[in-house]
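Structure first, commentary second.
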Amino acid sequence: MLIKNVVLDDRRCNILVRDGRFACLDAADGAEAEEVLDAGGAAILPAFYNTHTHAAMTLLRGYGDDNPLHVWLEEYVWPFEAKLGAADIHRGSELALKEMIATGTVFFNDMYFFIDETIPLVDSYGMRAAIGVTVMENHPQVLRDEKARRVREWRDTDRILLTVAPHAVYTVGRETLISSARLARENGRKIHIHLSETEKEVQDCIAQTGMTPVRYLDSIGFLGPDVIAAHCVHVDKEEWDILAERGVTVSHCPCSNMKLGSGRFPYELAIASGVRVTLGTDGCSSNNNLDMREEMKMAALLAKVTGDAALLNAHQVLQWATRNGAEAFGYDAGVISEGKLADAILVSMDGPKMQPCYSLISNWVYSADSSCIKHVICNGKVLL
């Protein structure tokens, strides 16, 4: 594909995509290509990598709002989810994929149920995804055995990965956490878990184990560079050092954390630690959308509320939402550069929210919205 008349780094150019990668960022007007896409002066930017979500929870959008996490889970979400079947998950996941593509996301890290409904949708829509095999202590042994078999037998594709996803320390016991990590590592899988999301989670973990969740997981050998830990709101300096030393990736979900009253992410400690931080939307029941651009703005603003206006600038938060997420899952993407995977969005410069344009990145983070997106490209193919 030849993308003509596109703005890259403040200059107009033509970009040639071949075999799903950026082959040339300064191609001739007449470069040979099977498909030509006229960008019409739109700017090209990296597409989003959503590193923590529950796609089919689009079905719970607006349900159980304005409640703290544990009330929301125990009185609303879990009773609702107990009634869901495979056909429901199919509908909810398809709605999520449509929303993510429309808002510039090409990859999501999912943790939910009935994964055989979600996987074919990801494939048919042309997206990338890490699909979690969710583990909870209340699952019957026959289901656990079936999930373990699936983890062992699944073969990743270039766009779809399988992960092992023990839900959290408050829903998964010690031995199951250990066996989940072992299962993942024996089969080369990433591990996806909620971690230190609320103060209650931390206090309950201390009461049960004598340790905070991060220290507890470290003590049982759970943490490592294959772990993606969602939230990490209530994490102290020593714990951030542990996460950094173990190479853990943290998925920050600012909108969900604010909506559930979970607390403010410790940006200062996270950035100083050197931990790789990414962005996630969480599910639609606690956000209530899957718009990663909105997540960028909220993260950047929330970082500054204690008085440091320079903390988490627009370029940094864009990297959290794109390159950091791609790298966390082993994708050579997240930047517009020759040889990189062609995952990108084309953003119109014509709308009032993008003018004037002193800084494209600042406009994209602070003033734009998803209506500015003209095209979404994943693996060199146009999805939107």
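A few remarks follow.
- Output for the range 325-384, where each listed residue is over 26 Å from T249 (Cβ atoms) and either without any contact (Cβ under 8 Å) to a residue 12 or more places away in the chain or among the aromatic types (F, W, Y) (or both): P352, Q355, P356, C357, Y358, N363
- Any hit, the range 131-153, residues being under 30 Å from I373 (Cβ atoms), buried (at least 19 other Cβ atoms within 10 Å of the Cβ) and in the same structural domain as A229 (by TED's automatic domain parsing): yes
- Options A184, A165: the member that is touching a residue at least 40 places away in the same chain (Cβ under 8 Å), of a type outside the set (D, E) and touching a His at 6+ places or on another chain (Cβ under 6 Å): A165
- Condition check for L279: out of contact with any Asp or Glu (no Cβ under 7 Å at 6 or more places or on another chain) and aliphatic (A, V, I, L, M): no
- Single match in G92, G62 (criterion: modelled with pLDDT of 95 or more and part of a loop (DSSP other than H, G, I, E, B)): G62
- Only one of the listed residues (A314, A333, A368) is touching a helix residue (DSSP H, G or I) at 6+ places or on another chain (Cβ under 7 Å), under 21 Å from A27 (Cβ atoms) and modelled with pLDDT of 95 or more. That residue is A333.
- Qualifying residue in the range 336-350 (condition: within 16 Å of the chain's Cα centre (by Cα), closer than 17 Å to V6 by Cα and surrounded by 18 or more Cβ atoms within 10 Å (Cβ to Cβ)): yes
- Per the listing V77, V71, the residue uniquely at negative phi, surrounded by 18 or more Cβ atoms within 10 Å (Cβ to Cβ) and assigned by TED's automatic domain parsing to the domain that holds L318 is V77.
For every residue, the table says whether it meets (1) over 22 Å from the mean Cα position of the chain (by Cα); (2) charged (D, E, K, R); (3) outside any strand (DSSP E or B).
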{"residue": "N5", "(1), (2), (3)": "yes, no, no"}
{"residue": "R12", "(1), (2), (3)": "yes, yes, no"}
{"residue": "F22", "(1), (2), (3)": "yes, no, no"}
{"residue": "A28", "(1), (2), (3)": "yes, no, yes"}
{"residue": "E34", "(1), (2), (3)": "yes, yes, yes"}
{"residue": "M57", "(1), (2), (3)": "no, no, yes"}
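- Flag set for S286, criterion: over 23 Å from S371 (Cβ atoms), crowded, with 20+ Cβ neighbours inside 10 Å and touching a residue at least 24 places away in the same chain (Cβ under 8 Å).
- Residue within the range 4-27 that is of a type in the set (G, A, S), exposed (fewer than 15 other Cβ atoms within 10 Å of the Cβ) and either over 14 Å from C284 (Cα atoms) or not assigned by TED's automatic domain parsing to the domain that holds N109 (or both) present: no
- Across the range 115-168, the number of residues qualifying as assigned to a strand (DSSP E or B) and modelled with pLDDT under 95 comes to 0.
- When each of D236, D291 is tested for being surrounded by fewer than 24 Cβ atoms within 10 Å (Cβ to Cβ), in the same structural domain as Q203 (by TED's automatic domain parsing) and under 18 Å from the mean Cα position of the chain (by Cα), the lone residue that passes is D291.
- Taken over the range 307-323, the residue count meeting the criterion of being assigned to a helix (DSSP H, G or I), touching a Phe, Trp or Tyr at 6+ places or on another chain (Cβ under 9 Å) and surrounded by 24 or more Cβ atoms within 10 Å (Cβ to Cβ) is 1.
- Count of the range 320-343 residues which are closer than 14 Å to G104 by Cβ and polar (S, T, N, Q): 1
- Failed item, numbered, when A333 is tested on (1) assigned to a helix (DSSP H, G or I); (2) of a type in the set (G, A, S); (3) buried (at least 17 other Cβ atoms within 10 Å of the Cβ): (1)
- Test set (1) crowded, with 18+ Cβ neighbours inside 10 Å; (2) closer than 22 Å to L279 by Cα - K98 fails condition number: (1)
- Index of the failed condition, A272 passing every other in (1) closer than 27 Å to P68 by Cβ; (2) free of Cβ contacts under 8 Å to residues at least 40 places away in the same chain: (1)
The values are calculated or read from the model by the stated rules, or taken from the named source; none is laboratory data. The model shown is predicted, which means the values in this text are computed figures rather than measured ones. So basically every Cβ, Gly included, is an ideal-geometry build from the backbone, and we count neighbours across all protein chains shown.
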